[in-house]
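Beneath this line is the structure, given in structure tokens, with notes to follow.
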Amino acid sequence: MYLTRSSAPIRKARMRLTGAGGRRAFRAALSLSAALVPPVLYVLSGCAPGERDPAWEHVAAPPPHTDHSPLIKGPIATGPEATRECLRCHPGEAAEVMATSHWTWLGHETMIAGREEPVGIGKRNLINNYCISIESNWPRCTSCHAGYGWRDETFDFSNQENVDCLVCHDQTGTYYKAPTEAGHPAEGVDLPAVAESVGRPTRRNCGYCHFQGGGGDAVKHGDLDGTFYFPVERIDIHMGKHHLQCVDCHRTEQHEMEGRALSVSADTGNRLECSSCHTALPHEDERLNAHTSAVACQTCHIPRMAVAAPTKMKWDWSTAGRDSAINDPHVYLKTKGSFEFKKDVPPEYGWYNGRSGRYLQGDKIDPEGVTLLNPPKGGIDDPEATIWPFKIHRGKQIYDKIHNYFLVPKTFGAGGYWTEFDWDLALRLGSEATGLAYSGEYGFARSAMYWPITHMVAAAEQALQCTDCHREGGRMDWEELGYDGDPAFGGTPRPVAIAKAEQEAYR
């Protein structure tokens, strides 16, 4: 009862099943496994009772805290003044930050399907199906930038005093940025006190931006939200039971953090995986270990997402601008349109090898179909791919009816849609900022965006059991994954997977 590449007959059946002999071997192996599986099969730890989990060997002891109160000299009235004070003792730190994607909002150049040359992609130049784009909307979006003053395309990325040290290192819990002031601290923040408090980043520092992505708690991520500030074990066993901080797993060297996001990257560089700490075969039961070549750890160990706070699943911009008695950020806002939020729900599943396609500005769309903005690559015949859990955010966003591509509207600030409720004006201003031509005719088209689920890890006893997937009406859509039925009961890989065909659209 497992999907595997470890067993020769099953591997051959999955990868290139063509003959009756292969089918018989595949079914025989699975039938034997099914007969051996007990009614309830818990995921077991790979270490014996009383042994320390070897994963702890990868968790470094935090450095001792340095009291900065006798080191800080005032006055400090602005963010750049605080940075200047930090640089007196840490002259090279800002330069390190400025080499990271937290600063540039661009990754290293990589090949994207449909492009002849490598391109750098990131929040700075991508379209999503939430707030669409930062271009023309900089002062609002850059309130989560690790810097000060990114108000437009002329921002000076080379000025070290524009680096915001405090947002990542404040330990008072009182530091916050003004929501519409391009990353500058809000009025009333006691900057000298914050500077004196600085220390190792905590969940509060990271969550300030990452829990609030998309303009509110739990909007973008299905597995990160405000419950992680002080989580209980039910929310996430790593942070709730074992009290880990984000930087315990997202380890950092010269301010470059391990890990990457499918929303803003397309290759496998700097990828953080469970096996970075845990062993590749962590279970005592070999049948469970056999799954790991075809099923991601997260698939079984994160049975549900948005465990305690609802996450946005749908956003329809086409309904914006209407006067309505409803003014609920979980249902409808005149400025943004209609939403659907869900809480404590199972993810959706698909093959993923760590790479993805990516919709870029100017790419053509089919207005009658669904444009996949960042389709995960991989399929049933890809030896690097495993079945992953995803939040798939489904949107309806504005596009050009003549050019057949998505447009970037100016939503924030003078002339923006949130002020004027005039799509034509908003699109003309957005076109000026992006250089993407606007024909004067617009409509709304469907899109989908993938968000891998990697947090909200459950205790072993709450992991998925055999019958969660291997039963009628179970979690897995075996046909979409490329099988002609449940592989535990004789289903075999088909020559072409539906999921793979869909993902080919933007490769």
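With a cap of 10 neighbouring Cβ atoms within 10 Å, and only residues DSSP puts in a loop, list the GluC sites (Glu not before Pro) found in segment 329-377.
Filter output for segment 329-377: Glu368.
For the chain, I need the span (max minus min coordinate) of the C-alpha atoms along each principal axis, in Å, sorted largest to smallest.
75, 61, 49
Find which of Thr252, Val232, Ser265 sits farthest along the positive direction of the dipole of segment 217-270, computed with +1 on the beta-carbon of Lys and Arg, -1 on that of Asp and Glu, about the Cα centre.
Looking along the dipole axis, the top candidate is Val232.
Give me the dipole magnitude in Debye, nearest 20, for segment 387-426 about the Cα centre, with unit charges on the beta carbon: positive for Lys and Arg, negative for Asp and Glu.
Computed about the Cα centre, the dipole is about 320 debye.
I'd like to verify something in the chain: which complete DSSP H helices, judged by Cα projection on the helix axis, reach 18 Å or more and average at least -0.5 on the Kyte-Doolittle scale?
Once both thresholds are applied, what remains is 20-36.
For segment 382-479, count all C-alpha to C-alpha pairs, find those more than 22 Å apart, and express that count as a whole percent of the total.
Details: 2584 of 4753 pairs.
The answer is 54 percent, as a whole percent.
Mind sorting Arg260, Arg151 by how few other Cβ atoms lie within 10 Å of their own Cβ, fewest first?
Arg151, Arg260
What is the spin-label model distance, in nm, from Ser439 to Lys401 if the labels are put 7 Å beyond Cα along the C-beta direction?
0.9
Putting +1 on Lys and Arg Cβ atoms and -1 on Asp and Glu Cβ atoms, find which of Cys165, Asn137, Gly149 reaches farthest to the positive end of the dipole of segment 105-196.
Value: Asn137.
For n ≥ 4 DSSP H runs only, could you compute -39500 (n - 2.57) per run for the chain, divide by its residues and tell me the 222 nm figure to the nearest 500? Mind dumping the intermediate values first?
On the way: 17 runs with 114 residues, N = 507.
My calculation for the chain gives -5500 deg cm²/dmol from helical runs alone.
Order these by the 10 Å Cβ neighbour count, fewest first: Phe341, Phe230. Don't skip to the end; give the middle numbers.
Numbers: Phe341 17, Phe230 12.
Lowest to highest Cβ neighbour count: Phe230, Phe341.
Just add up the charged neighbours of Arg234: K/R +1, D/E -1, any other residue whose Cβ is under 11 Å from the Cβ of Arg234.
-1
Hey, can you rank 111-123, 294-306, 422-434 by average C-beta count inside 10 Å, highest first?
294-306, 422-434, 111-123
Evaluate the charge dipole of segment 300-425 about its Cα centre and quote only its size in Debye, nearest 20, assuming +1 on the Cβ of each Lys and Arg and -1 on the Cβ of each Asp and Glu.
Numbers: 17 positive and 16 negative charges, 64 e Å.
In total the dipole reaches around 300 debye.
Please state the charge dipole magnitude for the chain, taken about the Cα centre, from unit charges on C-beta atoms (+1 on K and R, -1 on D and E), reported in debye and rounded to the nearest 20.
Details: 52 positive and 64 negative charges, 280 e Å.
Here the chain has a charge dipole of around 1340 debye.
Readers should treat all values here as calculations from the given coordinates under stated rules, not as data from a laboratory. As the structure is a prediction and not an experimental result, all values here were calculated from the model. Heads up, the Cβs are rebuilt from the backbone with ideal geometry, glycines too, and the neighbour counts pull from every protein chain shown.
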